[in-house]
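A quick write-up on the structure given underneath.
The values are calculated or read from the model by the stated rules, or taken from the named source; none is laboratory data. These numbers come from a predicted model, not from an experiment. Because the Cβ atoms are built from the backbone with ideal geometry, glycine has one as well, and the counts that use them run over all protein chains shown.
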């Protein structure tokens, strides 16, 4: 790709490189570049049309907001998703187990910690370690 950029930026180098090709090869190369140019132009026109459409929709929305008497900030505040009341808060532990002087606590949610699982596998109940 850097060779193409170099040839595109320097006409003398492009002419020198063209001398190594046959007429048929040059015509094929020109046809390929012409097709590529048309494709890039079409894509650019489609992008510009999409931007124009978005701008028109934005103006339409701004007009509706102005007509309603609200400000953009008020609309943003009212339309933002509400966060859950419990989101990010820690949960109090529901179970407590002391083994070898070390206290282990568990909320009762998620996967059972190994310490608690071994305790339960030994025949003990959850109620015996429940915090009251």
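Looking at 64, 78, 97 in this structure, which one is more than 30 Å from residue 3 (Cβ to Cβ), touching a helix residue (DSSP H, G or I) at 6+ places or on another chain (Cβ under 6 Å) and modelled with pLDDT under 95?
On the way: 64 fails: touching a helix residue (DSSP H, G or I) at 6+ places or on another chain (Cβ under 6 Å); 78 fails: touching a helix residue (DSSP H, G or I) at 6+ places or on another chain (Cβ under 6 Å).
Just a single option satisfies the conditions, and that option is 97.
Here is a list: 32, 88, 69. Which entry is under 30 Å from residue 130 (Cβ atoms), at pLDDT below 95 and out of contact with any strand residue (DSSP E or B) (no Cβ under 6 Å at 6 or more places or on another chain)?
Testing whether each residue is under 30 Å from residue 130 (Cβ atoms), at pLDDT below 95 and out of contact with any strand residue (DSSP E or B) (no Cβ under 6 Å at 6 or more places or on another chain) leaves just 88.
How many residues, within region 103-123, are part of a loop (DSSP other than H, G, I, E, B) and in contact with a strand residue (DSSP E or B) (Cβ under 9 Å, 6 or more places away or on another chain)?
Within region 103-123, the first condition is being part of a loop (DSSP other than H, G, I, E, B), and the residues that meet it are 107-113, 122-123.
Of the ones still in play, those that are also in contact with a strand residue (DSSP E or B) (Cβ under 9 Å, 6 or more places away or on another chain) are 107-108, 112-113.
Total satisfying the criteria: 4.
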